[in-house]
Each structure stands twice: as C-alpha cells, then as structure tokens.
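A quick write-up on the structure given underneath.
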Amino acid sequence: FQEDTDHNYYTSRTYGPYDSTSRDLWVNIDQMEKDKVKIHGILSNTHRQAARVNLSFDFPFYGHFLREITVATGGFIYTGEVVHRMLTATQYIAPLMANFDPSVSRNSTVRYFDNGTALVVQWDHVHLQDNYNLGSFTFQATLLNDGRIIFGYKEIPVAVTQISSTNHPVKVGLSDAFVVVHRIQQIPNVRRRTIYEYHRVELQMSKITNLSAVEMIPLPTCLQFTSCGPCVTAQIGFNCSWCSKLQRCSSGFDRHRQDWVDSGCPEEAKDKICEKNIDTTETPPYSTTTLLPTTTRFRVLTTTRGSTTSHLPTSLPTEDDTKIALHLKDNGASTDDSAAEKKGGTLHAGLIVGILVLVLIVAAAILVTVYMYHHPTSAASLFFIERRPSRWPAMKFRRGSGHPAYAEVEPVGEKEGFIVSEQC
C-alpha cells in the first residue's frame with residue numbers, strides 16, 4: 001500500500017500486486033448478472049471509436065453530477081457534455097489511455113456493467129494497434145455513486161512507460177475543464193469558444209502493473225455547500241464564495257464558469273458577506289451541479305465558429321489530441337455536428353446556390369450579347385438600339401445584305417462587374 005497522494009480534488013491510493021486490496025477492488029464481470037453486462041459490439045470491433053453510455057445514477061465528478069459518459073476504445077472515458085472528435089485532451093477518466101485497437105483480435109471486447117450504484121467499464125484483451133506483439137491488455141474503470149473512481153489492472157504485459165505515444169497519447173489519471181464563449185463583435189453570429197483545463201490528476205505510470213489497482217477518493221469542494229454561511233467560512237483548501245443570484249457556492253472555476261461571470265458573481269464574491277434576507281424564490285436552473293475550484297495551472301484550447309447557442313462548446317485539437325469517430329446512434333444522439341454547425345452548413349449551401357444563380361445570369365447575358373452581335377436585325381437587337389441612342393451611333397444598312405455597315409463607331413468601353421463576398 002502506498003501513502004495517500006493529495007491531488008486537491010482527489011486523494012489517490014495505489015495498491016501493488018501483492019496487496020489483497022488490489023484483488024478486492026477488481027470487479028469480476030463474469031460473475032455479474034448476465035443481463036446487466038453489455039458487450040458493446042461497435043467498440044469491440046473498431047479502432048478509435050467512442051460511444052455514449054447512460055448511467056442509472058448520478059455520478060459526482062469534480063463535484064459535477066454526470067448521468068452520461070462516453071466510452072472510447074483507447075482505454076478512457078470522456079466526461080464532457082458536448083462530444084467532438086477530439087476527446088483525449090481534457091475531461092477524461094483514463095485507467096490507461098493508449099492506441100488500443102479492439103478490431104485486431106476476435107478476443108478483444110469492451111464491456112460495461114451498471115448495477116445502479118456503480119458502473120464498470122472493462123477493456124478486455126485489447127492490443128496496441130502499432131505494436132500488436134506486445135500482447136493483450138485487460139483493465140477496468142469503476143465509477144461509484146459516492147464519487148470514488150477505481151482503476152483495476154489484471155493484465156499489463158509491458159511497462160506502461162514503454163508504450164509509444166507517437167500515434168496516440170498515453171495517460172493515466174483524470175482531467176476536467178470548463179468552456180467560455182466569447183462573442184466576436186466584428187463578425188455577427190460567430191463566437192469563439194475557449195476550453196480551460198483547470199485541473200489534472202496524473203498518476204505514476206511506473207506503478208501500473210499486473211494485479212495493481214488505484215483508488216481515487218473525492219475531496220470536499222465548494223459545490224457541496226447550499227447556503228452562504230457555510231460556504232464563505234469553509235476551510236477545505238479552496239477559496240469558496242457565495243453568489244446570491246445563482247444561489248451557488250463556488251470558487252468561480254467550474255463547468256458553469258460562464259454563468260458565474262455573466263451573473264456578476266466575481267464582484268459579489270469580493271465582499272464575502274452574507275445577506276440576512278435573501279430572496280430564494282427565483283432559483284436558477286443550476287443548483288449545486290457545477291464544478292469545483294481551480295489550481296493555478298491552465299491549459300487553453302480555442303476555436304471559432306458560427307453558433308446560435310452559448311452552451312455547445314467544442315475544442316480544437318492540441319498536440320496530444322487524436323481524431324475519434326463517434327457511434328452515438330444507440331442513444332439518439334448526433335455526432336459532433338452541433339445545431340450551430342448545421343445552420344452554418346445551411347448558410348454555406350445557400351451562398352453556393354446564390355453564386356451559381358449569379359453565374360447563370362452572367363452566362364445568359366453573355367449568350368444574349370453574342371446572339372445580338374450575330375443577329376443584329378433581330379427584335380432584341382433593334383430593341384436595345386432604339387432604347388440606347390446615346391451609347392450606340394447610327395447604323396447604316398446595305399439593302400439586301402442582311403448585315404449592318406457601321407459608320408464611325410466609337411467603342412463605349414463599358415464594363416459591368418459582380419462582387420461576391422462570403423460573410424460568416
């Protein structure tokens with residue numbers, strides 16, 4: 001047994017292969033009720049795939065309650081609310097994130113089990129895509145309704161520190177982030193989203209071996225307080241403040257950071273004074289389901305795109321991101337194309353149609369001009385000649401020739417142009 005390691009939000013305990021606790025923490029899925037153990041067919045037969053899984057209980061993660069997570073073939077669980085194609089950078093629970101490919105072996109499966117108080121996700125006999133000969137890995141992550149997270153390792157054929165991160169990041173631990181949306185005044189309907197990773201738990205990879213286990217116990221956070229007095233007087237290692245408008249206790253850095261700022265909570269937090277008669281009739285939609293305070297270190301990802309809502313963030317790839325296909329049909333969810341992206345696509349399609357129509361009009365005008373040039377006695381030619389006497393000099397005709405004879409014609413040199421601008 002290794003001594004507790006304090007990570008501000010969690011305390012981790014690592015158990016070695018000769019510790020009986022590591023065997024007790026391993027969940028034998030084969031002995032669970034057969035109807036509750038599910039083998040995900042898509043994840044078990046594809047590479048770099050992710051799928052949504054609904055929880056039957058509220059799982060507290062960094063103080064924020066989750067009812068839905070995303071399981072990835074790469075040995076980790078994504079905990080973000082908005083699914084995009086770059087899941088490995090932030091907001092994850094990673095017992096062993098690496099370039100696993102369940103499709104290279106028929107024995108590889110991704111299974112999960114939910115008994116109402118815990119969810120167990122197991123990567124069973126999975127191989128590294130870029131180094132199959134290293135052997136198969138079997139490990140699991142257990143999420144308990146009291147917020148504890150347990151990583152169990154049954155089969156680790158090689159030291160984790162030797163796994164290559166060239167094609168996929170290798171991580172063991174936790175991460176969480178919040179998203180802030182900024183409006184760009186110069187460009188209507190376009191907003192810049194910035195995602196801040198405010199905390200990360202990095203476990204020692206050298207401790208991950210066969211039959212080892214890691215238990216992470218959540219520490220108290222500001223979000224657990226539901227009234228002003230206990231909030232502002234809390235001595236839990238965070239600078240907790242109370243926001244009367246939101247009726248929320250927070251350090252100001254959690255998943256609802258934007259609500260905190262938009263509601264003027266940072267200014268109110270400076271006073272650290274509780275009002276005696278607080279009107280609680282107007283309770284906001286968020287009670288205590290926010291996230292927790294922050295450390296001094298941030299990782300920032302920024303993206304800019306058209307948007308119609310302020311709660312559908314996405315992040316740009318970082319140096320350790322990996323593109324992941326998403327399988328979300330089981331729960332009726334769409335892929336990473338948000339409503340804003342769909343609207344942007346509609347506007348883009350409309351712009352293309354408009355340009356095509358404009359091109360057709362110009363082409364028609366050119367054809368009419370060519371026709372009038374070769375058929376000067378046509379009704380159209382005579383119509384324009386009669387309507388524009390100041391631009392076209394008089395024309396003399398030779399009888400019987402059918403072709404005009406131009407006398408002292410001065411080219412006008414008039415040009416018409418079209419300017420097409422694409423606006424975001």
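Tally up the carbon and sulfur contribution to the accessible surface of the range 125-220 as a whole percent, 1.4 Å probe, everything protein left in place. Accessible surface attributable to carbon and sulfur in the range 125-220 totals 45 percent. Computed extension gain for ILE42 through ILE187, at 0.36 nm per residue and net of the alpha carbon distance, reaches 48.1 nm. The slack in the chain from THR161 to VAL353, taken as 0.36 nm per residue of separation less the alpha-carbon distance, amounts to 63.7 nm. Normalised by 2.2 N^0.38 Å, where N is the number of residues, the C-alpha radius of gyration of the range 223-269 stands at 1.00. Rounded, prolate or oblate: which one fits the range 161-238, using the alpha carbon gyration tensor with axes a ≥ b ≥ c (rounded when a/c is under 1.5, else prolate when a/b beats b/c, else oblate)? It is oblate, given that a/c is not under 1.5 and a/b is not larger than b/c. So if R0 is 30 Å, what FRET efficiency would LYS34 and TYR132 give, r being the distance between their Cβ atoms, rounded to the nearest 0.05? Efficiency, from the Cβ-Cβ distance: 0.50. Less than 5 angstrom separates the built amide H of LEU219 from those of TYR10, THR11, all sequence-distant by 5 or more or on a different chain. Accessible-area rank, largest first, for THR166, THR109: THR166, THR109, with all protein chains present and a 1.4 angstrom probe.
Annotation note: chymotrypsin sites (Phe, Trp or Tyr not before Pro) in the range 7-43 located in DSSP loop regions with a Cβ neighbour count of at most 10 within 10 Å are TYR18.
Taking label points 7 Å from Cα along the Cα-to-Cβ direction, GLU202 and ILE366 give a separation of 6.0 nm. A probe of 1.4 angstrom, applied to the heavy atoms of all protein chains, finds CYS231 with accessible area near 0 square angstrom.
All C-alpha pair distances within the range 100-195, sorted into 10 Å bins from zero, spread as 13, 32, 25, 17, 11, 2 percent across the bins.
In sequence order, the range 21-27 has phi-based couplings of 5, 4, 6, 5, 7, 6, 9 Hz under the Karplus curve 6.51 cos²θ - 1.76 cosθ + 1.60, θ = phi - 60°, and Gly or Pro positions carry x.
At a probe radius of 1.4 angstrom, the accessible area of the range 3-219 per residue rounds to 40 square angstrom. Taking 0.36 nm per residue of separation and subtracting the Cα-Cα distance, full extension of the segment from ASN145 to GLU267 would add 40.5 nm. Among the protein heavy atoms, those of GLU202 account for about 120 Å² of accessible surface (1.4 Å probe, every chain in place). Heavy-atom accessible area with a 1.4 Å probe sorts VAL110, VAL261, largest first, into VAL261, VAL110.
Accessible surface for VAL160 stands near 0 Å², nearest 10, in the context of the full protein assembly shown (1.4 Å probe).
Sorted into 5 angstrom bins from 0, the C-alpha pair distances of the range 3-219 split as 1, 7, 15, 19, 21, 17, 10, 5, 2, 2, 1, 0, 0 percent.
Just check the range 124-265 against the gyration tensor rule for me: Cα atoms, a ≥ b ≥ c as the square roots of the eigenvalues, rounded for a/c under 1.5, and otherwise prolate or oblate depending on whether a/b exceeds b/c. Since a/c reaches 1.5 but b/c is at least a/b, the shape of the range 124-265 is classed as oblate.
The values are calculated or read from the model by the stated rules, or taken from the named source; none is laboratory data. Remember, it's a predicted structure, so these values are computed and weren't measured experimentally. Positions of Cβ are backbone-derived with ideal geometry, glycine not excepted, and every protein chain shown enters the neighbour counts. Please note that ligands, DNA and RNA were not included when accessible areas were found on the heavy atoms of the full protein model with its side chains. Shrake-Rupley method; radii C 1.70, N 1.55, O 1.52, S 1.80 Å.
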